[in-house]
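Participant: Below are the structure tokens for one structure; questions will follow.
The values are calculated or read from the model by the stated rules, or taken from the named source; none is laboratory data. All figures in this text were calculated on a predicted structure; none of them were measured in a lab. Here the Cβ positions follow ideal geometry from the backbone for every residue, glycine too, while neighbour counts run over all protein chains shown.
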Ligand SMILES: [Zn+2]
């Protein structure tokens, strides 16, 4: 269920709120220390499953990077013209939380690089996934 802005403010850290609700970006290298074991990354705001660990790759950017979402319907992509650059913003399809951006310079098989903010994601190992 979608939380109200007031509920989200209580639920999220200041940084997670700024990133997911205001389209912010965390500092590179600050939130990319997730386990390598099989698991699923969920939206920090609404808990929707977004990415699987087996599509995560080492991009060297300091942000968690994936070559595809768990399902095409899990995220929404829209053109972002902030900062006079055209980028493709990625949001949670379930709650509209800002997650990061997608760039067309990723590895096979998709060639896409979903460059995410770690604070927007909650990692759950497979055995705990619901
Ligand atoms: Zn969400």
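Okay, residues lined up against (1) in a helix (DSSP H, G or I); (2) touching a residue at least 24 places away in the same chain (Cβ under 8 Å); (3) under 18 Å from residue 124 (Cα atoms); (4) under 12 Å from the mean Cα position of the chain (by Cα):
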site	(1), (2), (3), (4)
21	yes, yes, no, no
28	no, yes, no, no
35	no, yes, yes, no
40	no, yes, yes, yes
47	no, yes, yes, yes
88	no, no, no, no
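Participant: When residues of the stretch 10-19 are filtered for being assigned to a helix (DSSP H, G or I) and within 15 Å of residue 43 (Cα to Cα), how many remain?
Facilitator: Residues meeting the conditions: 6.
Participant: For the stretch 26-51, give me each residue that is within 16 Å of the ligand (Cβ to nearest atom) and surrounded by fewer than 20 Cβ atoms within 10 Å (Cβ to Cβ).
Facilitator: Passing the criteria: 46, 47, 48, 49.
Participant: Restricting the stretch 54-95 to residues that are farther than 13 Å from residue 116 by Cα and in contact with a helix residue (DSSP H, G or I) (Cβ under 9 Å, 6 or more places away or on another chain), which is farthest from the ligand (Cβ to nearest atom)?
Facilitator: Result: 70.
Participant: Has the stretch 98-113 got any residue that is part of a loop (DSSP other than H, G, I, E, B) and within 29 Å of residue 7 (Cα to Cα)?
Facilitator: No, every residue in the stretch 98-113 fails to be part of a loop (DSSP other than H, G, I, E, B) and within 29 Å of residue 7 (Cα to Cα).
Participant: Looking at the stretch 116-130, which of its residues are surrounded by 14 or more Cβ atoms within 10 Å (Cβ to Cβ) and either in a helix (DSSP H, G or I) or touching a helix residue (DSSP H, G or I) at 6+ places or on another chain (Cβ under 7 Å) (or both)?
Facilitator: Listed by number, the residues that qualify are 117, 118, 119, 120.
Participant: Does residue 7 qualify as being modelled with pLDDT under 95, farther than 26 Å from residue 127 by Cβ and either out of contact with any helix residue (DSSP H, G or I) (no Cβ under 6 Å at 6 or more places or on another chain) or part of a loop (DSSP other than H, G, I, E, B) (or both)?
Facilitator: yes
Participant: State whether the residues of the stretch 104-115 include one that is under 11 Å from the mean Cα position of the chain (by Cα), within 16 Å of the ligand (Cβ to nearest atom) and surrounded by 15 or more Cβ atoms within 10 Å (Cβ to Cβ).
Facilitator: yes
Participant: Can I ask one more? Select, from 22, 124, the only residue that is under 25 Å from residue 8 (Cβ atoms), within 16 Å of the ligand (Cβ to nearest atom), at pLDDT 95 or above and out of contact with any strand residue (DSSP E or B) (no Cβ under 6 Å at 6 or more places or on another chain).
Facilitator: The match here is 22.
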